[in-house]
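The values are calculated or read from the model by the stated rules, or taken from the named source; none is laboratory data. All values derive from a computational prediction rather than experimental measurement. With ideal geometry, Cβ positions are generated from the backbone for all residues, glycine too; neighbour counts draw on all protein chains shown.
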Amino acid sequence: MDLQEAFEINKNTWNKKAAIHFESEFYDKHAFAKAKNSLNSYELNALGDVKGKSMLHLQCHFGQDSLSWAHKGAVVTGVDISDEAIKLARNLSKELSLPAQFVCCNVLDTSKYIEQKFDVVFTSYGTIGWLPDLKPWARMIYDRLNNGGIFYIVDFHPIAWMYDYNVTPPVMKYHYAREEAIYDEYEGTYANNKSKMVSKEYGWNHSLSEVVQSLIDAGLTINLLAEHDGSPYDVFPDMKLQDDGLYHLKDGLYPMIFEVRAIKA
Ligand SMILES: C[S@@+](CC[C@H](N)C(=O)[O-])C[C@H]1O[C@@H](n2cnc3c(N)ncnc32)[C@H](O)[C@@H]1O
């Protein structure tokens, strides 16, 4: 398959999604303008105090998380393939007087656009599934980190991507570590399931061992690997809000979230 064509199709879909998401209840721009925080306990606990640290935020969407880190004192650069998302992020940064840089590029090409090295590289919730191969991704992360710098990812667990969600109830259809792309076309988005927009997208499944091994092979030292049942987001079918404030699968059969933190020693 032609990867550039796949990235272009994904970019077009994300351009449409960005505009819809910006206005959605899910991303609640009014609440964000007040609180200036869209971050969850996983990433806040894992990264701790970021005041004064330089941070590269990969796949930053329209910038709420990037600007949340900026509000906490980090000096943030966000990267995303969607020019619409980057435009919205720059506008939001101005509107809320939360300075940050935003760069539009394929995350795999980050080092062609950004020479700076960072104290922290961060990426979260809905990221590596858009990338065909994690080896160049991990090498780029290594290259963009200062010595002693930290990489942190928190994302949906690879088991969640084994299901076809276009049928009710969802059926397990895709291999845990499937190499070929999965093409999907559906109406609506996770942030607005009533929207009539049609998402056309290519995605790739990555096992936990692929994530961890590509970071190790790139030269990073893993110091946190965790799997959790609770998701901050209610984006899969049959989830229920529990006392911990997170959404769990009603049948509780598998974890919804994983985290990996690594250091460039
Ligand atoms: C689910 S969102 C990330 C969610 C983010 N945590 C948030 O809620 O703000 C995925 C983002 O990845 C971006 N993206 C997808 N493929 C990409 C690629 N190859 N390079 C850079 N960004 C990409 C999309 O444009 C989108 O903004």
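Quick notes on this structure:
- Any hit, the range 215-226, residues being closer than 16 Å to His157 by Cα, buried (at least 17 other Cβ atoms within 10 Å of the Cβ) and modelled with pLDDT of 95 or more: no
- Only listed residue being of a type outside the set (Ser, Thr, Tyr) and surrounded by 16 or more Cβ atoms within 10 Å (Cβ to Cβ), chosen from Val121, Val198, Val171, Val167: Val121
- Any hit, the range 146-157, residues being more than 21 Å from the chain's Cα centre (by Cα), touching a residue at least 60 places away in the same chain (Cβ under 8 Å), part of a strand (DSSP E or B) and within 23 Å of Ser124 (Cβ to Cβ): yes
- Residue in the range 1-23 that is within 13 Å of the ligand (Cβ to nearest atom), over 24 Å from Cys105 (Cβ atoms) and in contact (Cβ under 8 Å) with a residue 24 or more places away in the chain present: no
- Scope the range 51-97; condition assigned to a helix (DSSP H, G or I), closer than 20 Å to Ile150 by Cα and either in contact with a Leu (Cβ under 7 Å, 6 or more places away or on another chain) or in contact (Cβ under 8 Å) with a residue 40 or more places away in the chain (or both); matching residues: Asp65, Leu67, Ser68, Trp69, Ala70, His71
- Residues of the range 89-146 classified as at positive phi and more than 11 Å from the ligand (Cβ to nearest atom), total: 1
- Candidates Asp65, Asp80 - the one that is more than 21 Å from Gly245 (Cα to Cα) and within 12 Å of the ligand (Cβ to nearest atom): Asp80
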